[in-house]
Amino acid sequence: MKETRFDIKGDIAWCPGCGNFLLLQLLKESLDELDVDPTNVVISSGIGQAAKMPQYVNTSFFNGLHGRGLPVATAISLTNPELLVIAEGGDGDMYGEGGNHFLHTVRRNPNIVHLVHNNMVYGLTKGQASPTSPRGFKTPLQTEGVILEPLNPLALAITLGAGFVARTFVGNRELTKDVVKQAIAHKGYALVDIFDPCVSFNKVNTFAWYKEHSYVLGDDWDSSNKIQSLTKSMENDPFPLGVLYKNPEEQPSLAEMHPAYQEEDTPLFKRKRSVKDLTALMA
Amino acid sequence: MERQSYSIVLSGEAGQGLQTIESLFIALLQKSGYHAFIAKELMSRVRGGNNTSEIRIASKRVQAFVDRIDLLIVLSKDGLDRLLDRIDENTLIIGEEDYIKSRKTDARLYPVNVKEQMEEIGSQLYTNTFFVGVLSTLFSCDENIARTLLSEQFSRKGESIVENNSKAFDFGKKAAEESNYHFSVKRDDSVKKMKAIKGFETIGIGALSGGCNFVASYPMSPATSVLVYLASHERSHSVLVEQAEDEIAAINMAIGAWYAGARAMVTTSGGGFALMTEGISLSGITETPVVVHLAQRPGPGTGLPTRTEQGDLNLALYAGHGDFPRVILAPGTWEDGVLLSHEAFEIADAYQVPVFILTDQYYLDGEGIMEKVDLSKLERTNHVVKSNASYKRYKITDSGISERAIPGQGKGFVCVDSDEHTEEGRITENAAVRQAMMDKRMRKLSAYKDIDPKIIGPKNYTTLVVGWGSPYGAIKEAVANLDDKGVAFGFFPQVYPLPSRTKEILEKAKHLILVENNASAQFGQLIRRDLGITFDTTILQYNGSPFSVEQLVARIGEVLA
Ligand SMILES: Cc1ncc(C[n+]2csc(CCOP(=O)(O)OP(=O)(O)O)c2C)c(N)n1
Ligand code: SF4
Ligand SMILES: [Mg+2]
């Protein structure tokens, strides 16, 4: 395994064979290869197996509440736009408990990278259905199988105005690193939904299943046509992998649009209120 | 006749634009050297219904609602209906003839044909200015100041609008002059150096003074006014205001912003705050400071959205699962509003705990006149450190407080975890570490310096009337009116933790009276829980209205008799 500046020693709480191990390595390699300064990175995550990721990466992190990685990430990025902010978590965390934040974070377009480990199950809580579980998926809770329509995060993100929408599979190392790197380079909100098998609680959507039910978009794929990308994002067997949509025109990020950043671009946390401004409040 | 104070009530419909005129009038009173206070009672609707505002004009400081109506201005046909039991033969009622005679009262009536006169000017919209003319003249306010304020208020809308307002003012002035009525209140020149202020502004100013530069919230009455106030200072004072998708996002944003180095606040009401409670617990375990402005209104559920109550002390006190320290402050005066809001940020930063500012509809929507605070003299300490390579966010210390660094500022990593964690901020289930971390967090306030209760009245009291928050003004005035040498008022700007002097202050009295604007005496419960002291008399009100001075005089007086 390649060493990176983001390695940290210690016990890892995941099950042997879990897809998260692959993703951990790929994320660290991607950051390392991009020459990112580890002290300039913050990973904001919620709770779940996926959300434990920052515990195993040598960076700053805010491992907060289940479902709440996005609002924390948004605020960090608004307070200090110079940081590389990654919001990371599972499909339950980001699309279920944090679903409302997902919708509105896309609309806000903060300059953050959104990595969602999509194993189509709740891993940490031992195998209940997640918003992306397929119909018919049986669990101890959905005893006769899931009866809800699975959520389509890619189509949702595209319709909500996301400028970068991608999907990858941890079994494809090169693609995953390439997509993650592109997401980091993208200015504004970037979604990467990552097929990432849970070997303990999802016996349906296994490594082999993901491999069999997905394909990588070819070099000739035009990711700049929103409607075409939306159509593509609705394909589900097989699932297309790669950058489905990238807005060819760079959009202003949330911080760039905020009135508080119009008069000066000094990061918020560095600013000092003058005596004159204070006295004006009591005039 | 010269009196200590008069109470004027304006009674009209929602959407008649009373607010702008009230603010203008209170500025006029202040510049003319009168003390004044406005209490607003609003219905939860945007148009129609019946809204009333009570304006008190006084020779001394005043910040309290009274039942008595000396002068009633009726602006709509149903304007009398809900006020009948506050009207007597001493009340003077002014307004359109059919409005003021719509109900039989013992009051003196002075009809004015406003509609007709406003038609002459071209719009009924000038009615409010007409009544500024009436009031300004009846109370001998400085006419030049009135005209300047009016033209300042309306200059944006063009010269003809300014002129029309001036005409409306003249009509009002003439009506007052022809009435033979006149009200005389002693002036206090020191008021001219003070500031006319709205309740919500005191919280906004205090927050900005305390370094608040990030606000995330979801609109909810009566908390929204603070959000709007801060939004109007986004550029001038570099404060980033984000309307969150829900209160859960709001509190998590505020905590994220503190983590990255901002001083952040949320402003919300009970229902919204209930959604934030997991976030409060997050602040507790991650030791990320946060300031919560909790603007109370009557619950449970949606309750009475536009009325007032002090029913959320227990919510603030117990919000969040698990044990962790917190501080709860509640302003009574306008000055408190500014100073405590400022202080909330200092405390949150110094002790890395959630700090609450508890207000309510009555306080926030009220207007009054405050002593100016020299904000440049207030203490501001930045507790954020630069990290070195071996930085540990949760280093165990004697004080319980670990130096707080922010990400990207220094060679270290700032690792913050909502799971129980090691000194480095990494997840652990080690029992010894857990216990050490709990102990560390629980001792964080050991060096905290209380904001002391204030004793108003005789130092050698035998009866102490205890209160917190917005009833301050009414309790103070009621106790003063009772004029009993044995009775003092004990006011608690810091509600939790109970200041260390509380026991001594309470035990000094033979008789303890508690006044709270809620149904279960929540502050009384807290005092009993922490000190084992019970109140001899508990005066409560939970009908959505603030206490009036008369009610408190009667209810406290009954106990003293
Ligand atoms: C408010 C709250 N509700 C529920 C939980 C319990 N919980 C923790 S993780 C989780 C779901 C995890 O699923 P997912 O986000 O897909 O992550 P995975 O473990 O599959 O990586 C749940 C329900 C919690 N911690 N907090
Ligand atoms: S339960 Fe599933 S997701 Fe969690 S660590 Fe084990 S394999 Fe991975
Ligand atoms: Mg999952």
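What to note about this one:
- Overall form of the range B:2-193 per C-alpha gyration tensor (a/c, 1.5; a/b vs b/c): rounded
- Using distinct alpha-carbon pairs, which all enter the 1/r mean, Kirkwood radius of the range B:1-93 in Å: 13.7 Å
- Whole-angstrom gap from the range B:1-47 to the range B:69-93, using each part's C-alpha centre: 14 Å
- Residue-wise HN-Hα couplings along the range B:188-199, as the Karplus relation 6.51 cos²θ - 1.76 cosθ + 1.60 with θ = phi - 60° gives them from phi, are 10, 4, 5, 4, 4, 8, 8, 10, 6, 8, 9, x Hz; Gly and Pro carry x.
- Here is the interface size for B with A: some 4600 Å² of accessible area buried, both sides summed, with a 1.4 Å probe.
- Across chain A, C-alpha contacts under 8 Å between residues 6 or more apart give a mean separation that, scaled by the residue count, equals a relative contact order of 17 percent.
- Hz values of 3J(HN,Hα) by residue in the range A:122-135 - Karplus curve (6.51, -1.76, 1.60), Gly and Pro given as x: 8, x, 4, 8, 6, x, 8, 5, 10, x, 9, 4, x, 3
- In the calculated pair-distance distribution of the range A:111-213, the portion above 16 angstrom amounts to 60 percent of the Cα-Cα pairs.
- Rounded tilt (10° steps) of A:69-79 against the dominant C-alpha axis of chain A: 20 degrees
- Alpha carbon centroid spacing (whole Å) that separates the range A:116-141 from the range A:187-201: 14 Å
- The Cα-based radius of gyration of the range A:91-166, divided by its Kirkwood radius, gives an Rg/Rh of 1.02.
- Nearest-0.05 FRET efficiency for B:SER179 and B:ARG156, computed from C-beta distance (R0 35 Å): 0.60
- The ellipsoid that matches the Cα gyration tensor of the range B:350-499 has semi-axes, each √(5λ) in whole angstrom, of 43, 19, 14, with the longest given first.
- Sequence-distant aspartates and glutamates (8 or more away, or on other chains) whose Cα lies within less than 16 Å of B:LYS372: A:ASP277, B:ASP188, B:ASP189, B:GLU201, B:GLU335, B:ASP336
- When peptides B:405-412, B:203-210, A:258-265, B:461-468 are sorted by average Cβ neighbour count within 10 Å, with the highest value leading, the order is B:203-210, B:461-468, B:405-412, A:258-265.
- Rounded to whole Hz, the Karplus (6.51, -1.76, 1.60) HN-Hα couplings of the range B:292-297, x for glycine and proline: 10, 8, 9, 8, 7, 9
- Anisotropy class of the range A:5-135 from Cα gyration tensor, a/c 1.5 cut: oblate
- When the Cα atoms of the range B:291-355 are aligned to their principal axes, the ranges along those axes come out at 37, 34, 12 Å in descending order.
- Other-chain or far-sequence residues with amide H under 5 Å of A:TYR245's (modelled H): A:VAL165
- Grouping the Cα pair distances of the range B:458-530 into 10 Å bins from zero gives a pair-distance distribution of 19, 56, 25, 1 percent in increasing distance order.
- Chain B - Rg over Rh from alpha carbon coordinates, Kirkwood radius: 1.01
- Most simply put, the protein assembly as shown has about 30% antiparallel DSSP beta bridges, counting only bridges with both residues inside it.
- Amide proton proximity set for B:GLU13, modelled H, under 5 Å, gap of 5+: B:ASN51
- Put simply, the amide H of A:PHE61, placed in the peptide plane, has neighbours under 5 Å in A:ILE43, B:VAL414, B:CYS415, B:VAL416, leaving out anything fewer than 5 places away on its chain.
- Stokes-Einstein translational diffusion, the range B:386-442 - Kirkwood Rh over all Cα pairs, 0.692 mPa s, 37 °C, in µm²/s: 285 µm²/s
- Tensor-based shape of the range B:504-543 (alpha-carbon gyration tensor, a/c under 1.5 rounded, otherwise prolate or oblate): oblate
- Measuring r between the beta carbons of A:ASP222 and B:ASP419 and using R0 = 25 Å, the FRET efficiency lands at 0.05.
- Nearest 10 degrees, 0 to 90: helix A:173-185 Cα axis against chain A principal axis: 20 degrees
- For the range B:2-193, the solvent-accessible area of protein heavy atoms averages 45 Å² per residue (probe radius 1.4 Å; ligands and nucleic acids excluded).
- Seen against the Cα atoms of chain A and their longest principal axis, helix A:99-108 is set at about 50 degrees.
- If R0 is taken as 45 Å, the Cβ-Cβ distance between A:GLU174 and B:ARG434 corresponds to a FRET efficiency of 0.60.
- Cβ-based net charge around B:ILE248, under 12 Å, with every Lys or Arg adding one and every Asp or Glu removing one: -4
- Reported value for the protein assembly as shown: 187 Å³ per residue, from the convex hull of its C-alpha atoms.
- The mean accessible area for residues of the range A:19-281, using a 1.4 Å probe and ignoring ligands and nucleic acids, is 37 Å² per residue.
- For the range B:2-193, the share of DSSP beta bridges that are antiparallel, to the nearest 5, is 55%.
- The portion of the accessible surface of the protein assembly as shown made up by carbon and sulfur, rounded to a whole percent, is 51 (1.4 Å probe; DNA, RNA and ligands excluded).
- Computed over chain B: relative contact order in percent, which uses C-alpha pairs under 8 Å that are six or more apart: 13 percent
- Note on surface exposure: B:GLU371, B:GLU403 rank B:GLU403, B:GLU371 by accessible area, highest first, 1.4 Å probe.
- The residues of the range B:315-414 present an accessible area of 34 Å² per residue when probed at 1.4 Å with all protein chains retained.
- If the chain linking A:ASP32 and A:LEU103 were pulled fully straight, counting 0.36 nm for each residue of separation and taking away their Cα-Cα distance, it would gain 22.5 nm.
- Listed residue pairs exceeding 30 Å between alpha carbons, taken from A:LYS276/B:LYS173; B:LYS193/B:LYS454; B:LYS195/B:LYS503: A:LYS276/B:LYS173; B:LYS195/B:LYS503
- Peptide B:276-284 has a mean of 2 when you count, residue by residue, the C-beta atoms of other protein chains within 10 Å of its C-beta.
- Size check on the range B:174-235: the Cα extents along the three principal axes, sorted descending, read 53, 27, 20 Å.
- Dividing the convex hull volume of the alpha carbon atoms of the range B:423-555 by its residue count gives 147 Å³ per residue.
- Against the rule of thumb 2.2 N^0.38 Å, how large the Cα Rg of the range B:169-272 comes out: 1.59
- Cα pair count fraction exceeding 16 Å, expressed as % - the range B:93-167: 55 percent
- Separation of the range B:160-230 from the range B:274-314 is 28 Å, based on Cα centroids.
The values are calculated or read from the model by the stated rules, or taken from the named source; none is laboratory data. Not measured: the values here are computed from a predicted model. Glycine gets a Cβ as well: all are built from the backbone with ideal geometry, and neighbour counts include every protein chain shown. To get the accessible areas, we keep the full protein, side chains included, count just its heavy atoms, and leave off ligands, DNA and RNA. Shrake-Rupley method; radii C 1.70, N 1.55, O 1.52, S 1.80 Å.
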